[in-house]
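> Supplied in structure tokens, the structure appears directly below.
The values are calculated or read from the model by the stated rules, or taken from the named source; none is laboratory data. Note that the structure is predicted; figures quoted are calculated from it, not measured. Every residue, glycine among them, receives a Cβ derived from its backbone with ideal geometry; neighbour counts consider all protein chains shown.
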Protein chains: 2
Amino acid sequence: MADRIPLALVGIGKIARDQHIPSIAGGNDFVVAAGVSRHGKVEGAENFTDFDAFLAARPDIKVVSLCTPPEVRFDMAKAAIAAGRHVLMEKPPATTLGEAEALSEIAAKAGVTLFATWHSRFALGVEPAKQWLSDKVIQSISIVWKEDVRRWHPGQAWIWEPGGFGVFDPGINALSILTEIVPGHIMVQKSTLEFPENKKQPIAASIAMRTVEGAPVTAEFDWRQEGPQTWDITVQTNEGELRLSKGGSELYIGGKEQASGPDREYAGIYERFAKLIRSRQSDTDYQPLRIVADSFLCGERKVVAHFED
Amino acid sequence: MADRIPLALVGIGKIARDQHIPSIAGGNDFVVAAGVSRHGKVEGAENFTDFDAFLAARPDIKVVSLCTPPEVRFDMAKAAIAAGRHVLMEKPPATTLGEAEALSEIAAKAGVTLFATWHSRFALGVEPAKQWLSDKVIQSISIVWKEDVRRWHPGQAWIWEPGGFGVFDPGINALSILTEIVPGHIMVQKSTLEFPENKKQPIAASIAMRTVEGAPVTAEFDWRQEGPQTWDITVQTNEGELRLSKGGSELYIGGKEQASGPDREYAGIYERFAKLIRSRQSDTDYQPLRIVADSFLCGERKVVAHFED
């Protein structure tokens, strides 16, 4: 444990407990030396309720991982960068593209590592899918991302607030895979956003996009899916069909399974973060957030039935 | 006239007639050698109704100026760039950030000049305002942009469609001045968008932003202003107040008028375009469009009264 990099975990909620803490413990690069949270605590670490107090008290901890909801991320990331810390950000990196782009610029000036993570990019099937697609001609892409919000986001009221993105909170995971496996810009052409009459964010979205070469890309996002959950991306190419299933963890080419194994998305995130810090680089790709912003920008709004979560 | 660069004007509507044709004629750099439009024509030029037919028929015309509504701009710009033409785009450059960013990349690869214009940046007061602000501390900024849509956009149905941006069509002019005179990113924090019950785009918007340094920036856009029209940007600094009035054409510092004179926004655009072509450079700053996208992304929607234009 002696050569692990001490790290502060900020925002000790569901995602920190379910993913970050076990993945850091299971890896070889970091140790959680401090927790910062209004309510949560990390066992075996020094705990703070105030972020500025942590920054002042522990100048020895050079790395912070921000797992808070996105509304407070900009101010925290800016303060951490100003204090010379390397920063990892959960997805989405910020509530607006402006905040995200400003952070990239601030981190570059300060010479620290900024890592805007997209955990789905570390799903098992994604890298082999990218490799396989690299010399194929893409004819069309279909994304179907349908899950039960009550099951995956219990009590997370912020997802329905402006900046919480509604069904784009899971949908951005699909968009992060899409923009990883397909080179070049993906452009939104049309979108329909379904807002429950009692909610400020969409519960479903249908997006028509295209690649720069003109291949059609469609995405269907829905948060009202009970029973089996669907997280599929299907790509038709000149050499047959590629399908990523279960959020990218299963890969099928021509119907034949290629890759499978236990999930290690967050393990992959922390391995990459350690490499970025060592090589003094940043990784901030905001294309998934840009596609969400474009979908809102050109979206047609439909009001749908009241929804209780 | 002999050494003027022949140019094709594409989309012969209100803005082409009111601004582009007289500004090109009044300048020294270009001559309108062709017009491309389904309905309009340019006197004294060869006229086409089809853009691809123009590209094929006139390889001698190396420069195109796209004055069409933004929905068709991406495909035209892409085709023009592929055919080796230098391209000027009216504002807004595209219907989404994705299209705009893709065009920058395509033009850079092709080695042609792409100029995403923001005409308000060429208003008389803007450059001296930028100079004066460059060594001041900005404390706050207030934008008030209120005009009568019936007067300025008669019969332009596309402004109410998705991609037309509604009141952000004039509002983006203010945002283009804002991002020119203030260095660094401007970040949207909150916005309220007012949609008439019979329209797909907002008729009014209220946006709370901030500079990276934390100074508050507010914008009030309204398309229901009858009587006197208001296009003002007021900046409070550590050395007093700067105010740009009448869309940037009048500049006041500490209440004292600094600059005034006849409008030459589009003359400035074509002078700059000629310089960009000669130096083989592009100018594509999409910050104004990014602020619009962010305002939709985190916007709260309010439905307001039916509106007939």
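> Which number in (1) touching a Pro at 6+ places or on another chain (Cβ under 9 Å); (2) surrounded by fewer than 23 Cβ atoms within 10 Å (Cβ to Cβ); (3) touching a residue at least 40 places away in the same chain (Cβ under 8 Å) marks the one condition that A:Ala83 misses?
Checking A:Ala83 against (1) touching a Pro at 6+ places or on another chain (Cβ under 9 Å); (2) surrounded by fewer than 23 Cβ atoms within 10 Å (Cβ to Cβ); (3) touching a residue at least 40 places away in the same chain (Cβ under 8 Å), the one that fails is (3).
> Follow-up question, since we're still on this one. Among the candidates B:Lys62, B:Lys91, which residue alone is among the charged types (D, E, K, R), within 27 Å of B:Asp285 (Cβ to Cβ) and out of contact with any Ser or Thr (no Cβ under 7 Å at 6 or more places or on another chain)? If you could, list the steps in order and put the result at the bottom.
Values: B:Lys91 fails: out of contact with any Ser or Thr (no Cβ under 7 Å at 6 or more places or on another chain).
Among B:Lys62, B:Lys91, only B:Lys62 is among the charged types (D, E, K, R), within 27 Å of B:Asp285 (Cβ to Cβ) and out of contact with any Ser or Thr (no Cβ under 7 Å at 6 or more places or on another chain).
> Right, something else. Among the residues of the range A:1-24, write down those that are of a type outside the set (Lys, Arg) and out of contact with any strand residue (DSSP E or B) (no Cβ under 8 Å at 6 or more places or on another chain). Before the answer, list the steps.
Going through the range A:1-24, the residues of a type outside the set (Lys, Arg) turn out to be A:1-3, A:5-13, A:15-16, A:18-24.
Across the range A:1-24, the qualifying residues are A:Ala2, A:Asp3, A:Gly13, A:Ile15, A:Asp18, A:Gln19, A:Pro22, A:Ser23.
> Of all residues being more than 16 Å from B:Leu244 (Cβ to Cβ) and at the interface with chain A (Cβ under 9 Å from one of its Cβ atoms) in the range B:169-195, which is surrounded by the fewest Cβ atoms within 10 Å (Cβ to Cβ)? Just the residue, please. First the steps, then the outcome.
Within the range B:169-195, the subset more than 16 Å from B:Leu244 (Cβ to Cβ) is B:169, B:183-185, B:187-195.
The next check asks that each one be at the interface with chain A (Cβ under 9 Å from one of its Cβ atoms); those that pass are B:184-185, B:187-191, B:195.
Details: B:Gly184: 13, B:His185: 24, B:Met187: 26, B:Val188: 27, B:Gln189: 20, B:Lys190: 16, B:Ser191: 25, B:Phe195: 19.
This residue is B:Gly184.
> Taking the options A:Thr96, A:Thr49, name whichever one is closer than 26 Å to A:Ala157 by Cβ, at pLDDT 95 or above and surrounded by fewer than 23 Cβ atoms within 10 Å (Cβ to Cβ).
Numbers: A:Thr96 fails: surrounded by fewer than 23 Cβ atoms within 10 Å (Cβ to Cβ).
Exactly one residue qualifies, and that residue is A:Thr49.
> When residues of the range B:250-272 are filtered for being over 25 Å from B:Glu90 (Cα atoms) and in a loop (DSSP other than H, G, I, E, B), how many remain?
Our first condition is that a residue be over 25 Å from B:Glu90 (Cα atoms); within the range B:250-272, this holds for B:252-259.
From what is left, the residues that are in a loop (DSSP other than H, G, I, E, B) are B:254-255.
Final tally of qualifying residues: 2.
> Let me ask something else about it. Looking at this structure, is A:Leu114 within 19 Å of A:Tyr286 (Cβ to Cβ), more than 14 Å from the chain's Cα centre (by Cα) and more than 14 Å from chain B (Cβ to nearest Cβ)?
Criteria met by A:Leu114.
> Quick check on my filter: what residues within the range B:232-249 are in a strand (DSSP E or B), surrounded by fewer than 24 Cβ atoms within 10 Å (Cβ to Cβ) and over 22 Å from the mean Cα position of the chain (by Cα)?
Just the residues of the range B:232-249 that are in a strand (DSSP E or B), to begin with: B:232-237, B:240-245.
Pick out the ones that are also surrounded by fewer than 24 Cβ atoms within 10 Å (Cβ to Cβ) and you get B:232, B:234, B:236-237, B:240-241, B:243, B:245.
Once the filter is applied, which keeps residues that are in a strand (DSSP E or B), surrounded by fewer than 24 Cβ atoms within 10 Å (Cβ to Cβ) and over 22 Å from the mean Cα position of the chain (by Cα), the range B:232-249 yields B:Gln236, B:Thr237, B:Gly240, B:Glu241.
> Okay, next question. Answer with yes or no whether A:Leu276 is buried (at least 20 other Cβ atoms within 10 Å of the Cβ), in contact (Cβ under 8 Å) with a residue 60 or more places away in the chain, away from chain B (no Cβ under 14 Å) and in contact with a strand residue (DSSP E or B) (Cβ under 7 Å, 6 or more places away or on another chain). Explain how you work it out, then say what you get.
Details: buried (at least 20 other Cβ atoms within 10 Å of the Cβ): no; in contact (Cβ under 8 Å) with a residue 60 or more places away in the chain: yes; away from chain B (no Cβ under 14 Å): yes; in contact with a strand residue (DSSP E or B) (Cβ under 7 Å, 6 or more places away or on another chain): yes.
Against the criterion (buried (at least 20 other Cβ atoms within 10 Å of the Cβ), in contact (Cβ under 8 Å) with a residue 60 or more places away in the chain, away from chain B (no Cβ under 14 Å) and in contact with a strand residue (DSSP E or B) (Cβ under 7 Å, 6 or more places away or on another chain)), A:Leu276 does not qualify.
> Within the range B:148-168, restricting attention to residues that are modelled with pLDDT of 95 or more and buried (at least 22 other Cβ atoms within 10 Å of the Cβ), which residue is farthest from the other protein chains (Cβ to nearest Cβ)?
Per the criteria, the residue is B:Val167.
> Within the range A:279-303, can you find the residues that are outside any helix (DSSP H, G or I) and within 14 Å of chain B (Cβ to nearest Cβ)?
A:Thr284, A:Asp285, A:Tyr286, A:Cys298, A:Gly299, A:Glu300, A:Arg301, A:Lys302, A:Val303
> If I go through the range B:16-30 residue by residue, how many of them are within 23 Å of B:Pro93 (Cα to Cα), surrounded by fewer than 18 Cβ atoms within 10 Å (Cβ to Cβ) and not charged (D, E, K, R)?
Here the count works out to 1.
> Here's a follow-up. Of these, A:Pro69, A:Pro59, which one is surrounded by fewer than 22 Cβ atoms within 10 Å (Cβ to Cβ), over 21 Å from A:Arg272 (Cβ atoms), touching a residue at least 60 places away in the same chain (Cβ under 8 Å) and not assigned by the TED database to the domain that holds A:Gly163?
On the way: A:Pro59 fails: touching a residue at least 60 places away in the same chain (Cβ under 8 Å).
On inspection, the qualifying residue turns out to be A:Pro69.
> Would you call A:Glu271 surrounded by fewer than 18 Cβ atoms within 10 Å (Cβ to Cβ), of a type outside the set (Gly, Ala, Ser), in contact with a Gly (Cβ under 8 Å, 6 or more places away or on another chain) and within 15 Å of A:Ile143 (Cα to Cα)? Please lay out each step first, then the result.
On the way: surrounded by fewer than 18 Cβ atoms within 10 Å (Cβ to Cβ): yes; of a type outside the set (Gly, Ala, Ser): yes; in contact with a Gly (Cβ under 8 Å, 6 or more places away or on another chain): yes; within 15 Å of A:Ile143 (Cα to Cα): no.
The answer is no for A:Glu271.
> As an exercise: evaluate A:Asp263 against (1) more than 14 Å from chain B (Cβ to nearest Cβ); (2) modelled with pLDDT under 95; (3) over 27 Å from A:Asp29 (Cα atoms) and give the number of the one condition it does not meet.
Answer for A:Asp263: the failing condition is (3).
> Still on this structure: Quick check on this structure: which one of B:Lys199, B:Lys275 is under 21 Å from the mean Cα position of the chain (by Cα), more than 30 Å from A:Gln287 (Cβ to Cβ) and outside any strand (DSSP E or B)?
Numbers: B:Lys199 fails: under 21 Å from the mean Cα position of the chain (by Cα).
Step by step, each of B:Lys199, B:Lys275 is checked, and only B:Lys275 is under 21 Å from the mean Cα position of the chain (by Cα), more than 30 Å from A:Gln287 (Cβ to Cβ) and outside any strand (DSSP E or B).
> Working only within the range A:195-216, note down all residues that are in contact with a Ser or Thr (Cβ under 8 Å, 6 or more places away or on another chain) and more than 12 Å from A:Ser295 (Cβ to Cβ).
Listed by number, the residues that qualify are A:Ala215, A:Pro216.
> I've got another one for you. Just need a number here: residues in the range B:202-216 that are part of a loop (DSSP other than H, G, I, E, B) and either more than 20 Å from the chain's Cα centre (by Cα) or not assigned by the TED database to the domain that holds B:Val137 (or both). First the steps, then the outcome.
So in the range B:202-216, the residues part of a loop (DSSP other than H, G, I, E, B) come out as B:202-203, B:212-215.
Of the ones still in play, those that are also either more than 20 Å from the chain's Cα centre (by Cα) or not assigned by the TED database to the domain that holds B:Val137 (or both) are B:212-215.
Summing the residues that are part of a loop (DSSP other than H, G, I, E, B) and either more than 20 Å from the chain's Cα centre (by Cα) or not assigned by the TED database to the domain that holds B:Val137 (or both) in the range B:202-216 gives 4.
> Then there's this: For the range B:288-304, what are the residues that are surrounded by fewer than 17 Cβ atoms within 10 Å (Cβ to Cβ) and either at pLDDT 95 or above or within 23 Å of the chain's Cα centre (by Cα) (or both)?
Of everything in the range B:288-304, just one residue is surrounded by fewer than 17 Cβ atoms within 10 Å (Cβ to Cβ) and either at pLDDT 95 or above or within 23 Å of the chain's Cα centre (by Cα) (or both), namely B:Val304.
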